[in-house]
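Asks: Here it is: the structure, laid out below.
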Amino acid sequence: MPIYEPLSSEKLTVVLDIGTAFTKFGFTSEFAPRYIIRSEVRCKRTNKIRKLSSYESPEDLHDLLVDFIHAIYFKFALISPKDRPIVIVESLLCPTLFRETLAKVLFLQYEVSSILVLPSHLVALASLAVDTAMVVDVGYKEAVVFPVCFGLPIIQAWQALPLGGEAVHNHLKSLLSNANPGLQNLPEQILEDIKVRCCFVTKKSRTKSADIVPPPDVKYPYKGAQTLTVTGKVRETAFEVLYEEDNDHLCLSTMILDALLKVDINLRHSLTQNVFLIGGTTMTIGFKARLKEELLSQLKNEQYKMLNIKEFKFHVAPCKENYASWLGGSIYGATEFLNLKAVTKDFYLREKHLPDWINLKDVVGLKQDNGIRGAF
Amino acid sequence: MSYITGPEVVSYACTCGLLKPIPQLYFCRHCSQLRCGFCVCHEVDSIFCGKCSENIPSAEARVKKNRCASCFNCPSCHQELSTRIATKGPVVNPEDAKQPSPHKKTYYLSCYFCRWNSRDVGIPDQGSATGAWPERENVHAHRLQEIMDTYKQVMMSQKQQKENDKKKQRGKFVSFTDRTGVTSSAIRKRIGLPDIPHAMLKKPNPPEPAVAKLEVEELPDSLFTDPVNLLEITTIEQRHLQPETQAATVDMLFPIHKQLSIKRSLRCRRCEHNVSKPEYNPNSVKFKIQLFAYYHIPEVRIVTVEPLRAGKTCELILKFTNPTQHETTIAIKYVDLEQQATYVEEQKLSDVIEVLEQLSLQQPTSLPSLSGSQPSSLLSLTPRQPSITVKPRKINEEVNCDVAIPDSSFILPPRDDAAEYDDSTDTHNIEDDPKLVKWRKSNKAFIKLQVTPMAHLEVGKEVICGFTMQHIYTNVIATTIENKLPQKYEHNVRVFLRLGNVVGQE
Ligand SMILES: [Zn+2]
Ligand SMILES: [Zn+2]
Ligand SMILES: [Zn+2]
Ligand SMILES: [Zn+2]
C-alpha cells in the first residue's frame with residue numbers, strides 16, 4: 001500500500017495560472033513558479049503580439065491558446081504534454097468560453113490525461129494554512145473580493161469591480177497626457193513601466209490637503225533621445241483611481257465592506273481578522289497601508305457602522321503576492337487531490353465539457369469531512 | 001529564399017484545412033496525407049543547452065530545473081553572460097613569503113551587452129571558471145514544506161478513507177482486526193480514542209496557521225523627498241525573470257542559469273509514425289526522419305501573371321517542380337470547397353462514433369476510476385495512449401478568380417541532380433499539349449493557365465485563385481518491406497495562389 005509516494009515528487013505536473021496580463025507557470029510541489037510570462041502570443045501570419053484576452057471568436061481563442069500552450073510546454077516546461085495531468089488555477093469568475101476552450105485545447109490538441117481545475121481564491125489560502133479569510137485579489141482586469149469561510153467560498157458575497165492594473169494604466173495615461181501636452185497614445189508597455197518604476201500609492205492624508213510638497217519629478221527616457229516628465233503629482237496620484245469612489249460610491253475599500261455585509265454576522269469577525277491581499281497590483285509600494293487607512297475611514301460611514309468593526313488584520317504571504325494563487329495550485333497539485341478530483345480525458349471525451357463549479361461542493365465537502373479544519 | 005520568410009503567395013491546404021506554404025508542411029508516407037504543425041503531435045525529443053551545446057538527459061534536466069549548470073544569463077538584459085578572468089597579483093603575505101605563491105586566477109561573470117557584472121551586486125569572485133556561484137534560497141521553504149507535507153498527508157488519508165468506503169459499499173466484509181493502519185484508526189475513532197497515526201504515517205506537526213497582523217508595510221517617507229534614479233529600479237521583466245525574489249532594485253539581481261532548449265519530434269496522429277525526428281547531437285541540424293512535403297509534393301511557383309482586371313481573362317504562368325525520384329503526372333482540377341466542407345462535417349460525425357467506440361473498447365481494460373487509483377509508479381509506465389486526431393476545419397479562403405481547367409494533364413520527369421549542371425542533354429520525348437506547357441527543363445515545367453478575376457472585384461482588391469493539383473505519388477515504403485512494385489496513387493492537393501491586386505482598365 002503506497003503511503004508515501006516518493007515517486008510523486010519526480011513526476012512532473014505543470015501548474016498554470018493564466019491571468020489577463022501575466023501567466024504563472026511552474027511545476028507542482030515547487031514553491032515558486034518557474035516563469036511569469038505575459039499572456040500573449042506572436043501571431044505567425046502578421047508577426048504581431050496578441051494578448052490572449054484579445055480574441056475575436058471562439059475559434060480565434062482556440063488558436064491563440066494552441067500557440068500559447070505550445071510555448072508553455074516546449075519552450076518552458078520541456079516535457080511532452082501528452083498523457084500527463086495538468087493543474088489549472090483559475091478565478092471563480094473565469095468566463096465559461098475561456099475555460100471550455102482551454103479544456104478543449106488541452107484535451108484534444110495536447111491530449112493531457114487529466115485537468116485539475118482549482119479556484120484561485122480558495123487555493124491561495126493553502127500557503128497560509130488558514131481556511132477562513134477575506135481574499136482580495138487585485139490583478140490586471142479587475143479586483144475580486146471573495147470571503148472564504150472554513151474552506152468554503154461564500155458565493156453570494158463576492159464583489160468585483162474593474163479596478164486593477166488596467167484601470168491604473170488608463171488613469172496614468174490621461175494624467176501624463178495632461179502634464180505633457182502633445183503626448184498621445186503611449187503604448188501600454190511604457191505606461192506599465194512608468195507605473196512600476198515611478199509610481200506608488202500615497203497616504204490618504206496627502207490626497208485631501210492642498211498644500212503638500214509633491215515628491216520629486218522623474219525624467220523618464222522615451223523614444224531614444226526624448227524625455228518624458230513624470231511629475232511628482234502624477235507619481236503619487238496614478239493609483240488613486242483604485243481608492244476613489246465611483247458614481248455608485250464603490251471602490252476597493254467599499255467592496256471589502258460590502259462583502260462583509262453579505263456574510264453571516266457570526267463569520268464577520270474572523271474575516272476581518274484575516275484579510276489576505278493577493279494579485280500583482282497589491283505589490284505596489286503603499287498599497288496595503290492605504291487600503292487599511294481607507295477601510296478604517298469607511299467604517300465611520302453610516303452604512304458600515306452596523307458592522308461594528310474596529311480593526312482589520314492582514315496576512316503576509318510566504319511568497320510574492322502575484323503568485324499566491326499559483327502556489328496554492330502547486331501545493332494542491334502535489335497531493336492525492338490531483339488523482340481524486342481531476343477531470344479525466346475519458347470523462348471529457350464522453351461529456352465534451354468540464355464540470356461546472358457546482359463541483360466545487362466536492363472540493364469543499366472533502367475539506368470539511370476529512371478534518372483539515374481540525375488539523376489547522 | 002524570400003518565399004520561405006516572405007508573404008505566403010502560394011499556399012497548400014493541409015488535410016486539417018489550414019493553409020500553409022509548402023516548407024511548413026509534412027507528408028506522412030504511411031497515410032499519404034499532408035500534415036502540418038497544427039495537426040501533428042509534438043514531442044520533446046532531446047534537451048540541450050544552446051550555449052555550451054551539451055545534451056542533457058531528461059532526468060538530469062528535471063533535477064536542474066531545465067537550466068544549464070554552467071551557463072548564465074544576464075539578469076538585467078537576459079543576454080548570455082561571459083566568464084571573465086580577474087587575475088589577482090601574487091598574494092603578498094608576510095607570513096608565507098618564503099613560498100612563492102602562484103598567480104591566483106579568479107573569475108567573475110560579466111555581460112558584454114549591458115555591462116552588468118557579478119561584482120556590482122557583491123557576488124565574490126570564484127576560484128574556478130565553472131565556480132559554485134552562490135544560489136539564493138527561498139526563505140519560506142521550510143514552512144512551505146511543512147504545509148505541503150500536511151496537505152499531502154491529509155489528502156492521502158482522505159483517499160484511503162474513500163477507498164475504504166468503496167470497499168464497504170461493495171459489501172465486502174471488513175475485519176476490524178485487520179492490521180492495516182486505517183482500520184485500526186477507524187476502531188479508535190469509533191470507540192472515541194484519540195487517533196494514533198499509523199507508524200508509517202509519521203505525522204509531522206501540523207503547521208501553525210499563519211497569523212494576520214494589524215500592521216502592514218508602511219509607505220517610506222523618504223519616497224516623498226528622495227529623487228528617483230530609474231537606473232537603480234528594476235523593470236517588471238527583470239523582476240519576473242526571478243519570480244521567487246522579484247527584486248525591486250538592480251543591486252539585488254542575481255545571474256540566472258540559462259534555460260535549456262529542446263529538439264522536437266513530430267508524429268502523425270492517425271498512424272503514430274514520426275514525420276520528423278531530429279538527430280540527437282545538438283550541433284547537428286540534420287534529421288533522422290524528415291517527411292517534409294517539400295520532398296514529396298510537386299512545388300508550384302508563380303512565374304508571371306498578366307495585369308489583373310475584373311472580368312477579363314489573363315494568362316498566368318506557373319512553374320511546377322517534381323522533387324521525387326519518380327515520374328509523375330499532374331492534372332489541374334477544379335478546387336471544390338463545398339466538397340471539403342462536407343468532408344469536414346463527415347469527419348465531425350465519424351469522430352463522435354470513433355470516440356464512442358474507443359471508449360467502449362477501453363472500458364474493460366481500465367479500472368472505473370482509471371489512473372486515479374493507480375500508484376504513480378505504475379502511472380509512469382502506462383503505455384502511450386492512442387492519439388486523438390485533430391478535427392479538420394473548413395478551408396478559410398475567399399477564392400475570387402476563376403481558373404480555366406485545362407483538358408489535358410502533363411508529365412514531370414523525376415529529379416536528376418546531375419542534369420542540373422548539364423545544359424546540352426535536355427532531350428525528353430514527352431509529347432506536350434502546347435496550349436498547356438510553355439517550356440520544360442529536366443524535372444520542371446512551365447504551365448500556362450487562363451484565369452479570370454470575378455467581374456465584381458474593385459480596383460486594389462487582392463485576387464486569390466485556387467485549383468486542385470492531382471499528382472501521381474509513388475510510395476516506396478511498401479517496396480522495401482514486401483519487395484513489391486512501388487505503389488502509385490493519385491493524390492490531391494488544394495493549392496491557393498495570391499496573384500496580386502486588381503488594376504484599373506487600360
Ligand atoms: Zn494540418
Ligand atoms: Zn550550457
Ligand atoms: Zn546584460
Ligand atoms: Zn500517418
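Asks: Please report, as a whole percent, how much of the solvent-accessible surface of the stretch A:165-241 comes from carbon and sulfur atoms (probe radius 1.4 Å).
Replies: 53 percent
Asks: Sticking with this one: Need the list of lysines near residue B:104 for cross-linking: C-alpha distance under 29 angstrom, and skip anything on the same chain fewer than eight residues off.
Replies: Excluding near neighbours in sequence, the set is B:51, B:88, B:258.
Asks: Still on this model: Return a whole-number percent for the relative contact order of the stretch A:165-241, with Cα pairs under 8 Å and 6 or more residues apart as the contact set.
Replies: Taking the mean separation of contacting Cα pairs over the length of the stretch A:165-241, I get 40 percent.
Asks: Still on this structure, please answer the following. Could I have the simple spin-label model distance between residue B:120 and residue B:211, label points 7 Å from Cα toward Cβ, reported in nm to one decimal?
Replies: Calculated label separation equals 4.2 nm.
Asks: Which whole-number percent is the relative contact order of chain A (Cα, under 8 Å, 6+ apart)?
Replies: Relative contact order of chain A: 21 percent.
Asks: Looking only at other chains, what is the average number of their beta-carbon atoms within 10 angstrom of each beta-carbon in A:190-197?
Replies: If you average over the peptide's residues, the count of other-chain Cβ atoms is 3.
Asks: How high is the relative contact order of the stretch B:226-299, given as a whole-number percent (alpha carbon pairs under 8 Å, six or more residues apart)?
Replies: It comes to 16 percent, rounded to a whole number.
Asks: Label-point separation (nm) for residue B:430 and residue B:55, each offset 7 Å from Cα along Cα-to-Cβ?
Replies: Each label point is offset 7 Å from its Cα along the Cβ direction, giving 4.3 nm.
Asks: Right, another one. Dipole size in debye (nearest 20) for chain A around its Cα centre, Lys and Arg Cβ +1, Asp and Glu Cβ -1?
Replies: That gives a dipole near 840 debye.
Asks: Sorting check: for A:126-134, A:177-185, A:267-275, B:310-318, which peptide has the highest mean count of neighbouring beta carbons within 10 Å, and how do the rest follow?
Replies: Highest to lowest by the protection proxy: A:126-134, A:267-275, B:310-318, A:177-185.
Asks: Treating the beta-carbon of each Lys and Arg as +1 and of each Asp and Glu as -1, no other charges, what is the dipole magnitude of the stretch A:93-235 about its Cα centre, to the nearest 20 debye?
Replies: With Lys and Arg at +1 and Asp and Glu at -1, about 640 debye.
Asks: Using the charge dipole of chain A (Lys, Arg: +1 at Cβ; Asp, Glu: -1 at Cβ; taken about the Cα centre), state which of A:32, A:209, A:85 has its Cα farthest towards the positive end.
Replies: A:209
Asks: Would you list, by chain and number, the lysines whose Cα falls below 20 Å from the Cα of residue A:11, excluding same-chain residues fewer than 8 positions away?
Replies: A:24, A:75, A:82, A:341, A:345, B:64, B:65, B:152, B:159
Asks: In nm, what is the difference between 0.36 nm times the number of residues separating residue B:408 and residue B:333 and their Cα-Cα distance?
Replies: Extending this stretch completely gives an extra 26.0 nm.
Asks: Using a 1.4 Å probe and counting only protein heavy atoms, how much accessible surface gets buried when B and A come together, both sides summed, in Å² to the nearest 100?
Replies: 8900 Å²
Asks: Could you give the size of the charge dipole of the stretch A:165-241 about its Cα centre, using +1 on the Cβ of each K and R and -1 on the Cβ of each D and E, expressed in debye and rounded to the nearest 20?
Replies: 220 debye
Asks: Which residue, A:59, A:245, A:111, tops the fluctuation ranking in a GNM of chain A built on C-alpha contacts under 10 Å?
Replies: A:59
Asks: For chain A, modelled as a GNM with alpha-carbon contacts under 10 angstrom, which of A:227, A:96, A:13 fluctuates the most?
Replies: The residue with the greatest mean-square fluctuation here is A:227.
Asks: When 1/r is averaged over all different Cα pairs and the result inverted, which Kirkwood radius in Å belongs to the stretch A:165-241?
Replies: Hydrodynamic radius (Kirkwood, Cα pairs) of the stretch A:165-241 is 12.7 Å.
Asks: I've got another one for you. Taking only Cα atoms, what is the 0 to 90° angle, nearest 10, from helix A:360-369's long axis to the longest principal axis of chain A?
Replies: 80 degrees
Asks: Does any residue of the stretch B:221-240 lose at least 50 Å² of accessible area with all protein chains in place compared with its chain alone, and if so which ones (probe 1.4 Å)?
Replies: Listed by number, the residues meeting the 50 Å² cut-off are B:223, B:224, B:228, B:230, B:236, B:240.
Asks: Also, quick follow-up: For a 30 Å ceiling on Cα separation, which of these pairs sit above it: A:223/A:288; A:195/A:305; A:48/B:394; A:223/A:292?
Replies: Pairs exceeding 30 Å: A:223/A:288; A:195/A:305; A:223/A:292.
Asks: Further, regarding this structure: Any idea of the accessible area per residue across the stretch A:165-241, 1.4 Å probe, to the nearest Å²?
Replies: Dividing the accessible area of the stretch A:165-241 by its residue count gives 48 Å².
Asks: Now a separate question. Rounded to the nearest 0.05, what FRET efficiency is calculated for residue A:249 and residue A:308 with R0 set to 25 Å and r the Cβ-Cβ distance?
Replies: Computed FRET efficiency for residue A:249 and residue A:308: 0.75.
Asks: Can you sort A:256, A:265, A:49 by 1.4 Å-probe accessible area, starting with the largest?
Replies: Sorted by accessible area, descending: A:265, A:49, A:256.
Asks: In what order, largest first, do A:278, B:262 sit by accessible area if the probe radius is 1.4 Å?
Replies: So, going from the largest accessible area down, we get B:262, A:278.
The values are calculated or read from the model by the stated rules, or taken from the named source; none is laboratory data. Keep in mind that this is a model prediction, so the values were computed, not measured. As a convention, Cβ positions derive from the backbone with ideal geometry for all residues, glycine included, and neighbour counts pool all protein chains shown. The protein model used for the area step is the full one, side chains on, heavy atoms only, and it has no ligands, DNA or RNA in it. Shrake-Rupley method; radii C 1.70, N 1.55, O 1.52, S 1.80 Å.
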